[in-house]
Amino acid sequence: MVHKVLAARSGLAEVHPGQIVVTDVDLIVLADSVFNPEPERLPTDIKKVAHPERIAVLMDHAVPAPNIKYATAHKRAREHAKRLGFGRMAEVGKGGIEHQLIFEECLALPGQLVASNDSHTSAAGVLNCAARGLGMADIIQLACTGKTWYKVSPTIKFRLEGSLPFGVYGKDVFLHIAQLYGSQEGHDIEFEGPGLESMPLDDRATLSTMCTELNANFVMMPADRLVREHIASVTDAPYIPVEADEDAEYAAIYVVNLDDISSGIAMPNAMNRNVRSASSIGEERIAIDQAFIGSCANGKLSDLRVAADIVRGKRVAEGVRFIVTPGSQQIYLDAIRLGYIETLAAAGALVTSSTCGACAGGHMGVLAAGEVCITSSTRNFKGRMGSPDAEIYMGSSAAVAASALAGYIADPMPALLALRDTARESA
Amino acid sequence: MSTLTGKAWVIPNDYINTDAMMPHRGYDMAPREQESLVLATIRPGWAMLVQPGDILITGRAFGTGSSRPAPTMLTRLGIAAVVSESVGEIFFRNCVSYALPVLELPGVLSIVTEGDTVSVDIELGTFDNRTTGVSARGEAMPSMLLDTIAAGGTHAVLRRDGYL
Ligand code: SF4
């Protein structure tokens, strides 16, 4: 699928792995972080751009600005967007995390090519876009000239069989793949199969976003009925989805049966080949200081819903900070209407404004040395969320919420089963 | 772009990451001290032996990991070009952006011994070991990327063309 998009956008009949192609790009996203006036970022202002309508400035990494550096970057971003007439400017309070916004507002459509300076751009693969992150200098060049280049990679296919079991989420599917298959550096990833079709869009988006952590380049999923319905609910703009050819060549094809997957937890510092089952870790009662739900991968309405369901009528454990950061302003609003935010706050959770926040370790939940955190965000690297001497475990938002109540890293399944039983009784 | 000829250094390890070239602990150090840390965990003392114009030969997936501008550390040492079995994706892009000529050449480790005089032409994708007379060929680099390197990197190109 990726090769077809690259061939189309570079005007070639076909492309092969190893080849370098020059293309234009349908959606160019500049995060607020681009506008820092450092030498390797944007030392002087951009004077002109090739296709202003294709450029979106999405303020997300530090919103609202936590310091003068970011306040200056935001000011420059606004000035650029206005002067150069960018297609979309997500102002503070009117946007959210870029990958969530691309998905929610369908800023890119199936078959299109998407680039951003942020590494988790693979998130847009859920919309059948060919999307990946570039370097800081690359994205500035792309914004200016309208062109960039890609080295064509070989593709690995994951065929998902079965269906997503009760209490298992997109994050668990990723953790399962990270444990079994590890890093896929130098490759694009494509997903397909009935298992994928059984997954709600939020879970697919989580999986597509997290493939960045497998060191993949482009990540793509097919535009099936669910994807097309989502797009139709947002826009009637035309698009042409890409499908994999019957005889497409793959570097490897892996078959994953979703029925085999259970709740997983990544141990601190790495995800690939560093995952254990939540039920076994739950027995060790590893005490936590902070629980975090958020990021472009898991700040979705479904994440806030499962967290609210789990903590409803209960209290966050003594000594634990439970921070919940919605992925976008729209999710924040929906969660208010649906009562999730009230439920979370009543249980003792702190619900923040929509931003990358604690995920990037910049603000809104930074960890001190010696602290232990469980997160449903994207990275558990050493020092990612603050001190390099903090430990970060990673799981689904259900696992994070269950841990916030328990005060230690917990298996979410007992809480989820209890919820299901109560729902059945009342039905 | 012309052919570059220089003395080959061979650091054959696979998966050398950008932390090894540009470790975080060097960020606040004086320039010379920071340069001495380049690949120091893999080959202590090497960084200070590099002469301007030398060519670095490396193993698979050179420059994996973080997207930090690690090529700038190699150019500061005087490395004129990198020829690797394969190169990490973002590192390759950064080599172009920060003007370090780079060639991916599977099999290169088997045709070079450290100290050989080698030539590389990234425009043609050619590699010659002048000491042994053995040649090999990789992918030629497209003109857009060559222009960037020749002009001194992405920021320089954008300034030249009136974008910045
Ligand atoms: S939420 Fe985290 S991973 Fe996602 S874009 Fe922001 S900092 Fe990057």
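State whether the residues of segment A:144-159 include one that is under 19 Å from the mean Cα position of the chain (by Cα) and of a type outside the set (Gly, Ala, Ser). Looking for residues that are under 19 Å from the mean Cα position of the chain (by Cα) and of a type outside the set (Gly, Ala, Ser), one finds at least one in segment A:144-159, hence yes.
For segment A:82-105, a residue qualifies if it is within 16 Å of the ligand (Cβ to nearest atom) and among the basic types (Lys, Arg), but none of them does. Of all residues assigned to segment A:256-279, at least one qualifies as being outside any loop (DSSP other than H, G, I, E, B), more than 16 Å from the ligand (Cβ to nearest atom) and closer than 30 Å to A:Leu113 by Cβ. Restricting B:Gly53, B:Gly152, B:Gly125, B:Gly59 to residues that are among the small types (Gly, Ala, Ser) and within 11 Å of chain A (Cβ to nearest Cβ) narrows the list to B:Gly125. Of the residues in segment A:164-175, not one is within 14 Å of chain B (Cβ to nearest Cβ), within 16 Å of the ligand (Cβ to nearest atom) and within 16 Å of the chain's Cα centre (by Cα).
Considered as a group, the residues in segment A:150-187 that are of a type in the set (D, E, K, R) and in contact with a helix residue (DSSP H, G or I) (Cβ under 7 Å, 6 or more places away or on another chain) include one that is surrounded by the fewest Cβ atoms within 10 Å (Cβ to Cβ), and that residue is A:Glu161.
Rundown of residues vs (1) within 16 Å of the ligand (Cβ to nearest atom); (2) crowded, with 24+ Cβ neighbours inside 10 Å; (3) not polar (S, T, N, Q), yes/no style:
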position	(1), (2), (3)
A:Thr343	no, no, no
A:Cys359	yes, yes, yes
A:His363	yes, no, yes
A:Gly370	no, no, yes
A:Gly386	yes, no, yes
A:Leu416	no, no, yes
A:Asp421	no, no, yes
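Here A:Ala77 meets the list (1) within 16 Å of the ligand (Cβ to nearest atom); (2) in contact with a strand residue (DSSP E or B) (Cβ under 9 Å, 6 or more places away or on another chain); (3) over 18 Å from B:Tyr163 (Cα atoms) almost entirely, failing just condition (3). Against the test of being farther than 24 Å from A:Ala270 by Cα, outside any helix (DSSP H, G or I), assigned by TED's automatic domain parsing to the domain that holds A:Ala73 and aliphatic (A, V, I, L, M), the options A:Ala108, A:Ala143, A:Ala131 yield a single qualifying residue, A:Ala108.
Out of contact with any strand residue (DSSP E or B) (no Cβ under 7 Å at 6 or more places or on another chain), at pLDDT 95 or above and surrounded by fewer than 19 Cβ atoms within 10 Å (Cβ to Cβ): is that true of A:Lys314 in this structure? Considered against the rule, which asks whether it is out of contact with any strand residue (DSSP E or B) (no Cβ under 7 Å at 6 or more places or on another chain), at pLDDT 95 or above and surrounded by fewer than 19 Cβ atoms within 10 Å (Cβ to Cβ), A:Lys314 comes out as yes. Is there any pair with a first residue in segment A:78-104 that is of a type in the set (Asp, Glu) and a second that is within 13 Å of the ligand (Cβ to nearest atom) and assigned to a loop (DSSP other than H, G, I, E, B) whose Cβ atoms are under 6 Å apart and which are 6 or more apart or on different chains, and what are they? Filtered contacts from segment A:78-104: A:Glu98/A:Asp60.
Could you tell me which residue of segment A:208-251 is surrounded by the most Cβ atoms within 10 Å (Cβ to Cβ), considering only residues that are within 16 Å of the ligand (Cβ to nearest atom) and free of Cβ contacts under 8 Å to residues at least 60 places away in the same chain? Filtering first and then ranking leaves A:Leu214.
Is it true that some residue in segment A:49-59 is away from the ligand (no atom under 16 Å from the Cβ), under 22 Å from the mean Cα position of the chain (by Cα) and in a loop (DSSP other than H, G, I, E, B)? Looking for residues that are away from the ligand (no atom under 16 Å from the Cβ), under 22 Å from the mean Cα position of the chain (by Cα) and in a loop (DSSP other than H, G, I, E, B), one finds none in segment A:49-59, hence no.
In this entry, A:Ile331 is excluded by the filter for residues that are away from chain B (no Cβ under 14 Å), closer than 19 Å to A:Lys94 by Cα and away from the ligand (no atom under 16 Å from the Cβ). When restricted to residues that are hydrophobic (A, V, I, L, M, F, W, C), in contact with a strand residue (DSSP E or B) (Cβ under 8 Å, 6 or more places away or on another chain) and surrounded by fewer than 17 Cβ atoms within 10 Å (Cβ to Cβ), segment B:31-48 contains 2. The residues on offer are A:Thr352, A:Thr325, A:Thr378, and the sole one that is more than 16 Å from the chain's Cα centre (by Cα) and either within 16 Å of the ligand (Cβ to nearest atom) or under 18 Å from A:Ile97 (Cα atoms) (or both) is A:Thr352.
The values are calculated or read from the model by the stated rules, or taken from the named source; none is laboratory data. Since the model is a prediction, treat every value here as computed from it, not as a measurement. Positions of Cβ are backbone-derived with ideal geometry, glycine not excepted, and every protein chain shown enters the neighbour counts.
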